[in-house]
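Working notes, structure below.
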Amino acid sequence: MNAPALATTDGMVTDAKPVTVAIRKIGIIGAGQMGNGIAHVAAQAGYRVAISDLKAENFDKAIATITRNMARQVSKGMMKDADMSSAIGRIEYAPNFEAFGDTDLVIEAATEEETVKRRIFQDLCPKLKKSAIVASNTSSISITRLASVTDRPEKFIGIHFMNPVPVMALVELIRGIATDDATFVETRKFVETLGKSIAVSEDFPAFIVNRILLPMINEAVYTLYEGVGTVDSIDKALKLGANHPMGPLELADFIGLDTCLSVMQVLHMGLSDSKYRPCPLLVKYVEAGWLGRKAKRGFYDYRGDKPVPTR
């Protein structure tokens, strides 16, 4: 196939001279919110994409989500109908890791649990060609540590997309201690063809964005826990008082409270500083299964026509 087109940050694929990259086909592990978002922008930029998930029906849901989101881009004049059809046609289901044998880059976008990710990489790498780059979309876990369980730590890198992927302009790139220059350069070129801006982070717990964002969210949960304010007043205070587009508790529900807790646990354990201790109320919500929007309940109850604060 031809080199991928260059996408702009508003989602429009341009006719500008594309960046030449060695990467042609992308494998994605996980068809959830992050996985389908990465598939969306990669297919839109001209890459062939294979998505693997434990359940085939999750792939079907991912395609439905991508189709709906691309249709919205078409309606706004950000994409042409024909380009949408072509992009969706470049996405296929990978029933197992053997289907990734011809991929040039595989991006893991599974749950934010290190044991799960380590097991995935141990199973994945023997199925790949030697030249394939392996990446994790982890938002907090050590890239060096994940790379250590693979057969190619020099070809392992962190590519942390922001959520929702088709909308957010930033991608964090994180090198592990063994990541070689060629892997970093090729990965950077790939991300640039998606029309994303890049922030390079050192391999420290939670990297840059979540190192700053998640403690703020955790502090908002403490503010609720200690009775300083209600869910509504805390979110209103940050939206109107700090000009944030979403309140911190609303944002936590959007991210997923289990993910928020996982990141705080990584920060607390990795940096050994009590200021990163997860709020007990956050732990309680996760234990209750109130994980935010995806579970229909979190700091807000989403089961009705309008979200209602749960505290």
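Odds and ends about this structure:
Conditions (1) within 30 Å of Arg175 (Cα to Cα); (2) touching a strand residue (DSSP E or B) at 6+ places or on another chain (Cβ under 7 Å), marked per residue:
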site: Gly195; (1), (2): yes, yes
site: Tyr222; (1), (2): no, no
site: Tyr225; (1), (2): no, no
site: Ala252; (1), (2): yes, yes
site: Pro278; (1), (2): yes, no
site: Pro307; (1), (2): no, yes
site: Thr310; (1), (2): no, yes
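- The lone exception for Ser131 - which of (1) within 19 Å of Ile177 (Cβ to Cβ); (2) polar (S, T, N, Q); (3) assigned to a loop (DSSP other than H, G, I, E, B) it fails: (1)
- Hits in the range 41-99 (condition: of a type in the set (Val, Ile, Thr) and either part of a helix (DSSP H, G or I) or free of Cβ contacts under 8 Å to residues at least 24 places away in the same chain (or both)): Val41, Ile63, Thr65, Ile66, Thr67, Val74, Ile88
Residue by residue, here is whether (1) buried (at least 21 other Cβ atoms within 10 Å of the Cβ); (2) at pLDDT 95 or above; (3) under 18 Å from Ile38 (Cα atoms) holds:
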| residue | (1), (2), (3) |
| --- | --- |
| Glu112 | yes, no, yes |
| Asp123 | no, yes, no |
| Ala135 | yes, yes, yes |
| Leu146 | yes, yes, no |
| Val149 | no, yes, no |
| Ile159 | yes, yes, yes |
| Ile174 | yes, yes, yes |
| Thr179 | yes, yes, no |
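- Residue match in the range 246-264 (condition: free of Cβ contacts under 8 Å to residues at least 12 places away in the same chain and of a type outside the set (Phe, Trp, Tyr)): yes
- Every residue from the range 292-311 that is among the hydrophobic types (A, V, I, L, M, F, W, C) and either in contact with a Pro (Cβ under 6 Å, 6 or more places away or on another chain) or under 19 Å from Met216 (Cβ atoms) (or both): Phe299
- Test set (1) surrounded by fewer than 23 Cβ atoms within 10 Å (Cβ to Cβ); (2) touching a helix residue (DSSP H, G or I) at 6+ places or on another chain (Cβ under 7 Å) - Gly35 fails condition number: (1)
- Residue check for Glu108: at pLDDT below 95 and either surrounded by 14 or more Cβ atoms within 10 Å (Cβ to Cβ) or out of contact with any helix residue (DSSP H, G or I) (no Cβ under 7 Å at 6 or more places or on another chain) (or both): no
- Listed by first and then second residue, the pairs linking a residue in the range 168-197 that is over 17 Å from Arg145 (Cα atoms) and in the same structural domain as Asp151 (by TED's automatic domain parsing) to a residue that is assigned to a helix (DSSP H, G or I) and of a type in the set (A, V, I, L, M), with Cβ atoms under 7 Å apart and 6 or more places separating them unless they lie on different chains, are Val171/Val191; Glu172/Val209; Leu194/Val41; Leu194/Ala42.
- Between Ala43, Ala31, Ala64, the distinction of being in the same structural domain as Phe190 (by TED's automatic domain parsing), farther than 21 Å from Phe184 by Cα, at pLDDT 95 or above and in contact with a Phe, Trp or Tyr (Cβ under 6 Å, 6 or more places away or on another chain) belongs to Ala31 only.
- From the list Ala220, Ala242, Ala252, the one residue that fits, being farther than 14 Å from Arg311 by Cα, more than 21 Å from the chain's Cα centre (by Cα) and modelled with pLDDT of 95 or more, is Ala242.
- Number of residues in the range 249-299 that are buried (at least 21 other Cβ atoms within 10 Å of the Cβ), of a type in the set (Gly, Ala, Ser), assigned to a helix (DSSP H, G or I) and touching a Gly at 6+ places or on another chain (Cβ under 7 Å) equals 1.
- Leading residue by the ranking (surrounded by the fewest Cβ atoms within 10 Å (Cβ to Cβ)) among those in the range 232-248 that are among the hydrophobic types (A, V, I, L, M, F, W, C) and in contact with a Gly (Cβ under 8 Å, 6 or more places away or on another chain): Ala237
The values are calculated or read from the model by the stated rules, or taken from the named source; none is laboratory data. The shown structure was predicted, so the numbers you read here are calculated from the model rather than taken from an experiment. Glycine also receives a Cβ, built like all others from the backbone with ideal geometry; neighbour counts cover every protein chain displayed.
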